[in-house]
Amino acid sequence: MDNDKPPEISMEEFRFLADRAGLGMNLQELEDLKPVYELYLEYTALVHSVGFGPEEMVVEFHPD
């Protein structure tokens with residue numbers, strides 16, 4: 001990422017997202033989940049920062 005500060009979301013925004021998704025979580029559950037969400041938010045930002053250009057991408061699953 002370009003800056004050193006990891007992405008953060010306010011508790012109010014996080015509660016809104018969880019309520020919108022219909023998760024029905026209490027404040028303690030939200031506080032426990034928020035750091036995990038922010039970690040994956042950082043990983044998602046990294047993926048979105050990659051310039052794949054006009055490449056055609058394919059996702060394949062090969063069961064073992």
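The values are calculated or read from the model by the stated rules, or taken from the named source; none is laboratory data. In this text, all values refer to a predicted model and were calculated from it rather than measured experimentally. With ideal geometry, Cβ positions are generated from the backbone for all residues, glycine too; neighbour counts draw on all protein chains shown. Just so you know, the surface numbers come from the protein's heavy atoms only, side chains and all, with ligands and any DNA or RNA stripped out. Shrake-Rupley method; radii C 1.70, N 1.55, O 1.52, S 1.80 Å.
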Can you run down the residue pairs with Cβ atoms below 8 Å, 6 or more apart or on separate chains, where the first is in the range 34-54 and on the phi < 0 side of the Ramachandran plot and the partner is part of a helix (DSSP H, G or I)? 34/11; 34/14; 37/14
For the range 23-55, name all the residues that are of a type in the set (A, V, I, L, M) and either in a helix (DSSP H, G or I) or open to solvent by 70 Å² or more (accessible area, probe 1.4 Å) (or both). 23, 27, 30, 33, 36, 39, 41, 45, 46, 47, 50
If I ask for residues that are surrounded by 10 or more Cβ atoms within 10 Å (Cβ to Cβ), of a type outside the set (Val, Ile, Thr) and at pLDDT 85 or above, which ones from the range 3-22 would you list? 11, 13, 14, 15, 16, 17, 18, 19
Every listed condition ((1) open to solvent by 80 Å² or more (accessible area, probe 1.4 Å); (2) of a type in the set (Phe, Trp, Tyr); (3) outside any loop (DSSP other than H, G, I, E, B)) holds for residue 61 save (3)
